[in-house]
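The values are calculated or read from the model by the stated rules, or taken from the named source; none is laboratory data. Computed from a predicted structure; not experimentally measured. With ideal geometry, Cβ positions are generated from the backbone for all residues, glycine too; neighbour counts draw on all protein chains shown.
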Amino acid sequence: MPKPAIVLLSGGLDSATVMALMRRDGFAIHAMSFDYGQRHKQELHYAGLVAQALGVASHRTVHIDLAAFGGSALTDTGIAVPEGGLAPGIPITYVPARNTIFLSFALALAEVLRAQDIFIGVNSQDYSGYPDCRPEFIEAFEKLAQVATRLGDESQGPHIHAPLQHLDKSEIIRLGTRLGVDYSLTRSCYQLDDAGRSCGLCDSCRLRRDGFMKAGIPDPTPYQ
C-alpha cells in the first residue's frame, strides 16, 4: 500500500509541483486546501483542478476565518494589494501566522491517517519576505510535531518536507514541467478576476511571469 502523506494545496504552481514529486515517489496524496477569508478565493477552484489532475487519494477544504484578524492585503479588502513590484522587508501580503495555522491542521490530519510525512511548497523566493517560509521555521515546526503528537510519541514522525525550499521559480517550473505538471490549471494571482485571469501586477504574478521567462517555457497564465 502507498504511504499516506499530507500536502498543503493552494492552487498555485509551487504546491502543484510538490504534488507531482509526491506522485513520482509513490505517496498516497491527501491534499488540504484552506478557505481562510482570502480575497483570491478563486484559487480553491484551481486547487480542485490540480488535485483531480494529479490523482489524489483525498482532497479536503478547511474553512477558517483569518479575515477576522486582518493585518494583510490578502484578508483585508481595505488594504490594497501592492502592484509596484517587490520591495524590501515583509510585504503587506504576508498573512500573520498562516503557515503555522495550516501546518497545525495538517498535523491533525496526519494523526488521524497515521501519515508520517507532511509536504509544503515554500521556497527560496518567499522565505526572504515571509517569516513562515524560512527553513528555520520548517525545522522548528518539525521539532514541535515530535513532541505535540501521538505519532511523535511513538517515534513515527511526522516529518515536514519542503522540497522546493532552495529553488527559485524558474527551477521549480523546469522541475514541474519534467514531471508533467499542467501549469495552465494553476493560478498564483492575489487579484484573480471572475474569469480566472491574473492581474499581472501583484508580487505573486511578477514572480510567476519572471519564472516562466527565465525557465524559457511559455507562460500559460491568462492575464487581464
**Report entry** Odd one out for I92 among (1) surrounded by fewer than 14 Cβ atoms within 10 Å (Cβ to Cβ); (2) under 17 Å from G37 (Cα atoms); (3) at pLDDT below 95
**Finding:** (1)
**Report entry** Selected residue (criterion: modelled with the lowest pLDDT) from residues of the stretch 207-224 that are out of contact with any strand residue (DSSP E or B) (no Cβ under 9 Å at 6 or more places or on another chain) and either surrounded by 17 or more Cβ atoms within 10 Å (Cβ to Cβ) or under 23 Å from R23 (Cα atoms) (or both)
**Finding:** L207
Query raised in the report: Of the residues that sit in the stretch 61-85 and are out of contact with any strand residue (DSSP E or B) (no Cβ under 7 Å at 6 or more places or on another chain) and loosely packed, with under 14 Cβ neighbours inside 10 Å, which one is modelled with the lowest pLDDT?
Result: G85
Report task. Output the qualifying pairs, or none if there are none: Cβ atoms under 6 angstrom, residues six or more apart or on different chains, first residue in the stretch 86-103 and without any contact (Cβ under 8 Å) to a residue 60 or more places away in the chain, second residue in a loop (DSSP other than H, G, I, E, B) and aromatic (F, W, Y). Result -> Y94/Y130
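Yes/no matrix, rows are residues, columns are (1) buried (at least 18 other Cβ atoms within 10 Å of the Cβ); (2) farther than 27 Å from A73 by Cβ; (3) touching a residue at least 24 places away in the same chain (Cβ under 8 Å):
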residue: F119; (1), (2), (3): yes, no, yes
residue: A148; (1), (2), (3): no, yes, yes
residue: A162; (1), (2), (3): yes, no, yes
residue: Q165; (1), (2), (3): no, no, yes
Report task. Taking the residues in the stretch 28-38 that are in contact with a Pro (Cβ under 9 Å, 6 or more places away or on another chain) and buried (at least 21 other Cβ atoms within 10 Å of the Cβ) as candidates, determine which candidate is nearest to E111 (Cα to Cα). Result -> H30
Report summary line: Residues of the stretch 107-143 being of a type in the set (S, T, N, Q) and out of contact with any strand residue (DSSP E or B) (no Cβ under 9 Å at 6 or more places or on another chain), in sequence order, are N123, S124, Q125, S128
Report task. Pull up the stretch 27-85, narrow it to residues that are of a type in the set (F, W, Y) and assigned to a loop (DSSP other than H, G, I, E, B), then point me to the one that is farthest from L13 (Cα to Cα). Result -> F69
Requested in this report: Could you grab the pairs with beta carbons closer than 8 Å, sequence gap of 6+ or different chains, first residue in the stretch 178-202 and on the phi > 0 side of the Ramachandran plot, second one outside any loop (DSSP other than H, G, I, E, B) and among the hydroxyl-bearing types (S, T, Y)?
Outcome: G196/Y46; G200/Y223
**Report entry** Meets criteria (in contact (Cβ under 8 Å) with a residue 60 or more places away in the chain, more than 16 Å from the chain's Cα centre (by Cα), over 21 Å from V7 (Cβ atoms) and crowded, with 21+ Cβ neighbours inside 10 Å) for A110
**Finding:** no
